[in-house]
1. Which residue out of 96, 180, 147, 131 is touching a helix residue (DSSP H, G or I) at 6+ places or on another chain (Cβ under 7 Å) and without any contact (Cβ under 8 Å) to a residue 24 or more places away in the chain?
2. So which of 112, 106 is surrounded by 15 or more Cβ atoms within 10 Å (Cβ to Cβ), in a loop (DSSP other than H, G, I, E, B) and at pLDDT 95 or above?
3. Select from the range 29-45 the residues that are surrounded by fewer than 17 Cβ atoms within 10 Å (Cβ to Cβ) and farther than 20 Å from residue 139 by Cβ and list them in ascending order.
């Protein structure tokens, strides 16, 4: 039993090492600019949020969630008067009176590391060209420091094929293209291409971390084996 307990502790520590490297990113609902053509049967804000989520959800060491006011942390903050309800609606990439980003303030309540907030600047469909255009702007914000890490404004276009008649098909394609461009910019910042270290110090630093983790795990497993051998 003692050896099993030690092995469980080792596994938990390994999980802790992985958790330390993971970050959480919240995607806030988009605001709406003046150049958005309202379409009753097409919610461009929801479509854009879902498309961006699909672009980012598989990034390694990143947990992506969509903001919901029903989150327990948000509900508790409202009940305790730590935030007003009018601060929980788009646009979230605006500064409060004290200079902090609204996205950072709400993100801190959620306990996340990063926040992405923005708005739909344009959403239109030209029936003559059978083409939809969607432009999305936004900011990736470090919740703790309030620093804007990435600022983007990307446009997507979608056209109906000769055998298609539903304008929403073009709108969805335009949203997907814009979200793909934004996702690429965020991925480049959060998971940049691996670079060769240029100094001895840069090579040593990650090695020490791995060595400490390996030694800790070895000691725990050895203890488990020796402990089991006593029975």
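The values are calculated or read from the model by the stated rules, or taken from the named source; none is laboratory data. It should be emphasised that the depicted structure is a prediction, and the values quoted were computed from it without experimental measurement. Positions of Cβ are backbone-derived with ideal geometry, glycine not excepted, and every protein chain shown enters the neighbour counts.
1. Details: 180 fails: without any contact (Cβ under 8 Å) to a residue 24 or more places away in the chain; 147 fails: touching a helix residue (DSSP H, G or I) at 6+ places or on another chain (Cβ under 7 Å); 131 fails: without any contact (Cβ under 8 Å) to a residue 24 or more places away in the chain.
When all the criteria are applied, what remains is 96.
2. Working: 106 fails: in a loop (DSSP other than H, G, I, E, B).
One residue alone meets the criteria, 112.
3. Selection gives 37, 38, 39, 40, 41, 43.
Listed here are the residues, each with its yes/no results for (1) surrounded by 13 or more Cβ atoms within 10 Å (Cβ to Cβ); (2) in contact with a strand residue (DSSP E or B) (Cβ under 8 Å, 6 or more places away or on another chain); (3) at pLDDT 95 or above.
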| residue | (1), (2), (3) |
| --- | --- |
| 47 | yes, no, yes |
| 50 | yes, no, yes |
| 88 | yes, no, no |
| 94 | yes, yes, no |
| 119 | yes, yes, yes |
| 130 | yes, yes, yes |
| 140 | yes, yes, yes |
| 153 | yes, yes, yes |
